[in-house]
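**Student:** Mind looking over this structure? Questions follow.
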Amino acid sequence: MKHTLFAFGLASALLFGVPAQAGFNEGMAAYKSGNYAVAFKEFDAAARAGDKFAQVMAATMCLEGSGVTRDVKQAAYWFEKAAGAGHSYAQYAIGMLYMAGDGVSKDTRKGLVWLKASADQGSFFAQTTLGDAYANGIGVTPDKARALDYYRQAANQNYAVAQLKLASAHYLGDGLPKDAVEAYKWTYLSSSQLDGARTLLGKLRQELTPAQVAEGERAARAWQSQSAQR
C-alpha cells in the first residue's frame, strides 16, 4: 500500500468543516511549521478527548512516522475511531487499510463497507476505489454498470483518474457505447494531470477527424463551465 495516497487525500479532507478547537489548532500550527513532535502531542491529546479531526491527524502521523514512531496499527485505530464519528476521509483510509490488511487483519467486506460510507459522503477517492472493486470483482460480484456509475460520480468532481477510466471505457466500448468524442472529452479533461491521459490524447488526435476533435474540445469546455457553476 502506498501511504502517500493518504497524505494526498488528507490535504483536501482538512480544507472543509474543521472546527476551531483547542489542541487541534495548536497541533496544526506546529505541523505546518514542521515541528512534528509537538504537533503529534497536541493531536494525540485532542484525539483522546474525542476530536475526530485530531484523530485523523494523529492517524496520519502514525502512518507516516512523523513526530512519532511509525505505527500502522495505531493509525488504523485512530482512523476507525474518526470513521465511526462520520469523518469521510477516515472512512476511506480505514477502508483501504482493511482492503490491504495493513495494520489490521485483512477484511475485504469490512473495507468495502467503510469505502461505501465514504463514497456516499462524496469522496471521489472512495468512489473510484469502489469502481475498481466492481470492475474487477474484488469482494463483490463484478458489475460493470455499477463500476462506471462510481467512476462517473468521481469524474464529475473533476478527479482525473476517474475521468481517464471513463475515457477508456468510451474509447474501447467497454460497458459504455463506443464514442470517440466522449472519449476525447474525458481524456482532454484529465490530460492536465495525468501522463497516461496526455498519451491517449495524442493517440486520439491522430485517429479522430478534425471535426471530432473540435467537438470533443467543445464538450470538454462545456463540462468545465458547468462544473464551475456547481
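**Student:** For ASP174, work out the one condition from (1) within 27 Å of LYS203 (Cβ to Cβ); (2) in contact with a helix residue (DSSP H, G or I) (Cβ under 6 Å, 6 or more places away or on another chain) it doesn't fulfil.
**Tutor:** (2) is the only condition that ASP174 fails.
**Student:** Looking at (1) assigned to a helix (DSSP H, G or I); (2) modelled with pLDDT of 95 or more; (3) out of contact with any Phe, Trp or Tyr (no Cβ under 7 Å at 6 or more places or on another chain), can you tell me which one GLY196 breaks?
**Tutor:** Status for GLY196: all satisfied but (2).
**Student:** Quick check on the range 90-98. Is at least one of its residues in contact with an Asp or Glu (Cβ under 7 Å, 6 or more places away or on another chain) and either under 30 Å from TYR150 (Cα atoms) or buried (at least 24 other Cβ atoms within 10 Å of the Cβ) (or both)?
**Tutor:** yes
**Student:** Another question about this same structure. What number of residues within the range 207-230 satisfy the criterion of being in a helix (DSSP H, G or I) and surrounded by fewer than 16 Cβ atoms within 10 Å (Cβ to Cβ)?
**Tutor:** The number of residues fulfilling the criteria is 13.
**Student:** For PHE24, all conditions in the list (1) of a type in the set (A, V, I, L, M, F, W, C); (2) touching a helix residue (DSSP H, G or I) at 6+ places or on another chain (Cβ under 6 Å); (3) closer than 20 Å to ASP71 by Cβ hold save one; what is the number of the exception?
**Tutor:** Result: PHE24 passes all but (3).
**Student:** Within the range 194-206, can you find the residues that are closer than 14 Å to GLU182 by Cα and surrounded by fewer than 17 Cβ atoms within 10 Å (Cβ to Cβ)?
**Tutor:** Selection gives ARG205 alone.
**Student:** If you check GLY50 against the conditions, is it assigned to a loop (DSSP other than H, G, I, E, B), under 20 Å from the mean Cα position of the chain (by Cα) and on the phi > 0 side of the Ramachandran plot?
**Tutor:** no
**Student:** Filter the range 53-81 for residues that are assigned to a loop (DSSP other than H, G, I, E, B), hydroxyl-bearing (Ser, Thr, Tyr) and under 17 Å from MET28 (Cα atoms) and give the result.
**Tutor:** Taking the range 53-81 and keeping what is assigned to a loop (DSSP other than H, G, I, E, B), we get 65-71.
Filter once more, so that each one left must be hydroxyl-bearing (Ser, Thr, Tyr): 66, 69.
Answer for the range 53-81, where residues must be assigned to a loop (DSSP other than H, G, I, E, B), hydroxyl-bearing (Ser, Thr, Tyr) and under 17 Å from MET28 (Cα atoms): just SER66.
**Student:** May I pose another question? Name the helices (runs of 4 or more DSSP H) wholly within the range 135-193 that hold at least 3 residues that are within 27 Å of ARG109 (Cβ to Cβ) and touching a residue at least 12 places away in the same chain (Cβ under 8 Å)? Before the answer, list the steps.
**Tutor:** Numbers: elements: 144-155, 160-172, 180-190.
Correct list: 144-155, 160-172.
Yes/no per residue for (1) within 22 Å of the chain's Cα centre (by Cα); (2) of a type in the set (Ser, Thr, Tyr); (3) buried (at least 23 other Cβ atoms within 10 Å of the Cβ):
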| residue | (1), (2), (3) |
| --- | --- |
| ALA147 | yes, no, yes |
| ALA160 | yes, no, no |
| LYS165 | yes, no, yes |
| LEU176 | no, no, no |
| TYR184 | no, yes, yes |
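The values are calculated or read from the model by the stated rules, or taken from the named source; none is laboratory data. None of the values given here were measured: they were computed from a predicted structure. All Cβ positions, even for glycine, are placed from backbone atoms using ideal geometry, and neighbour counts span all protein chains on display.
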